[in-house]
Amino acid sequence: MEKTKLVKAKVRRLAKRSRFWAAVLENLEKPSRKWRVVNIYHLNKVAPPGGKVLVMGKLLGAGVLEKRLDVVAFDFSEVAHRKIREAGGEALYLEEYLSKGGDGKGFILVG
């Protein structure tokens, strides 16, 4: 629970300077039971090969990922996390991405 508060605090600071992070914060502040659920097959439709995607909710593993993508999400199913790595991409939880100094540039918001 404490980790979630720290993530929200970081995103809140970023949201003051960026509409991208303001949109992320809006979704992050919702109760987790209201977070959107996205299946992996949907990423094929919205992102170009080698693209970056931020899932504003939980990413589930239904479908086949047909291209390499870097994906940041609030939460992943174990299957979705594995499928992204198998396709050659990177799967990071939002808190991991922020701790690495991620700035959100080039990301497509999904969810």
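Brief remarks on what is shown
- For the chain: relative contact order, % (alpha-carbon pairs under 8 angstrom, 6 or more apart): 24
- Note on the chain: with charges restricted to the Cβ of Lys and Arg (+1) and Asp and Glu (-1), its dipole about the Cα centre is near 420 debye.
- Amide hydrogen neighbours beyond the local backbone of G57, cut-off 5 Å, H modeled: F74, D75
- Under a 5 Å amide H cut-off, with hydrogens placed 1.01 Å from N, L92 pairs with V71, V72, A73 among residues at least 5 apart or on other chains.
- Extension gain, K16 to E86: 0.36 nm times the residue separation minus the Cα-Cα distance gives 21.6 nm.
- Sequence-distant aspartates and glutamates (8 or more away, or on other chains) whose Cα lies within less than 18 Å of K5: E26, E29, D75, E95, E96
- Close amide H partners of R68, meaning residues 5 or more places away or on another chain with modelled amide H under 5 Å apart, are G50.
- Backbone N under 14 Å from the V79 label point (7 Å along Cα→Cβ), restricted to the range 32-65: 38-42, 59-65
- Spatially proximal lysines relative to K67 (Cα-Cα < 19 Å; intrachain offsets below 8 disregarded): K45, K52, K83
- With a cut-off of 12 Å between beta carbons, the residues surrounding G88 carry a summed charge of 0, where Lys and Arg count +1 and Asp and Glu -1.
- In order along the range 103-111, the phi-based Karplus estimate (6.51 cos²θ - 1.76 cosθ + 1.60, θ = phi - 60°) of 3J(HN,Hα) comes to 10, x, 5, x, 8, 9, 7, 10, x Hz; Gly and Pro are listed as x.
- Between the Cα long axis of helix 2-15 and the first principal axis of the chain there is an angle of about 80°, rounded to the nearest 10.
- Against the main long axis of the alpha-carbon atoms of the chain, helix 19-28 sits at an angle near 90°.
- Secondary-structure-derived ellipticity at 222 nm for the chain, considering helices only, amounts to -12000 deg cm²/dmol, per-run term -39500 (n - 2.57) for DSSP H runs with n ≥ 4.
- Ranked D70, D103, D75, criterion: other C-beta atoms within 10 Å, fewest first: D103, D75, D70
Bear in mind that the values in this text are calculations on the coordinates, not laboratory data. It should be emphasised that the depicted structure is a prediction, and the values quoted were computed from it without experimental measurement. Here Cβ is always computed from backbone atoms with ideal geometry, including for glycine, and neighbour counts include all displayed protein chains.
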